[in-house]
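The values are calculated or read from the model by the stated rules, or taken from the named source; none is laboratory data. Just so it is clear, the model here is predicted, and its values are computed rather than measured. Cβ placement follows ideal geometry from the backbone for every residue including glycine, while neighbour counts extend to all protein chains displayed.
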Amino acid sequence: MSAAPNFFVTSRVIGVNSGASANVLKTLAGTTNTVAVIAGVAAGSIISRVLVVQNSAAASTANNICRFFIFNGTSYFLIHEVNLGGAVTPSTTVIGFRITVPELVGVKLPSDTHVLHVGFSAAAAGDSCTVTAEVVDS
């Protein structure tokens, strides 16, 4: 046990855009085209919030899956999947989907080699998303 306690003191928020064509695919069979959302720091980081927001004005694909992985510098590990729901076409009177992911709160990125990645099960313009993560660094 350390003589001095180690407190998490620095908060960071980083977002990543999946792109208009949503060509950010990560299937369960392979590890291609994921996007890094946020990396830990050398002393470790803890995820405190993750949000997925639809960007596009086009209709989203029904039942596209947003998959979250931890990349440890060598391998990808699936940690959670979120169903983006039925098709939504945002407009001046209809908002796109906005999904919080409470299951990722508390997940630790133990070092700067550990990175939260995201990918989608299908490519569709309406599923262009911004994924935002907030972490607290040690």
>> Of all residues being assigned to a strand (DSSP E or B) and modelled with pLDDT of 65 or more in the range 11-35, which is surrounded by the most Cβ atoms within 10 Å (Cβ to Cβ)? Just the residue, please.
In response: VAL16
> Is it fair to say VAL105 is out of contact with any His (no Cβ under 9 Å at 6 or more places or on another chain) and within 17 Å of THR34 (Cα to Cα)?
Replying inline: no
>> Testing ALA57 on (1) in a strand (DSSP E or B); (2) of a type in the set (Gly, Ala, Ser); (3) modelled with pLDDT under 70, one condition comes back false. Which one is that?
In response: (1)
> So which strands (runs of 3 or more DSSP E) stay within the range 68-131 end to end and still have 2 or more residues that are in contact (Cβ under 8 Å) with a residue 40 or more places away in the chain, in contact with a strand residue (DSSP E or B) (Cβ under 8 Å, 6 or more places away or on another chain) and over 16 Å from ARG49 (Cα atoms)?
Replying inline: 76-83, 115-120
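Could you tell me whether any residue of the range 44-52 is among the small types (Gly, Ala, Ser), over 20 Å from HIS117 (Cβ atoms), modelled with pLDDT of 70 or more and outside any strand (DSSP E or B)? Let's see the steps before the verdict.
To start, the set of residues in the range 44-52 that are among the small types (Gly, Ala, Ser) comprises 44-45, 48.
Checking the rest, the ones that are also over 20 Å from HIS117 (Cβ atoms) come to none.
No: zero hits.
Can you report the number of residues in the range 36-45 which are under 22 Å from ARG98 (Cα atoms) and surrounded by 17 or more Cβ atoms within 10 Å (Cβ to Cβ)? Steps first, answer last, please.
Our first condition is that a residue be under 22 Å from ARG98 (Cα atoms); within the range 36-45, this holds for 36-38.
Now drop any that are not surrounded by 17 or more Cβ atoms within 10 Å (Cβ to Cβ), which leaves 37-38.
The qualifying residues number 2.
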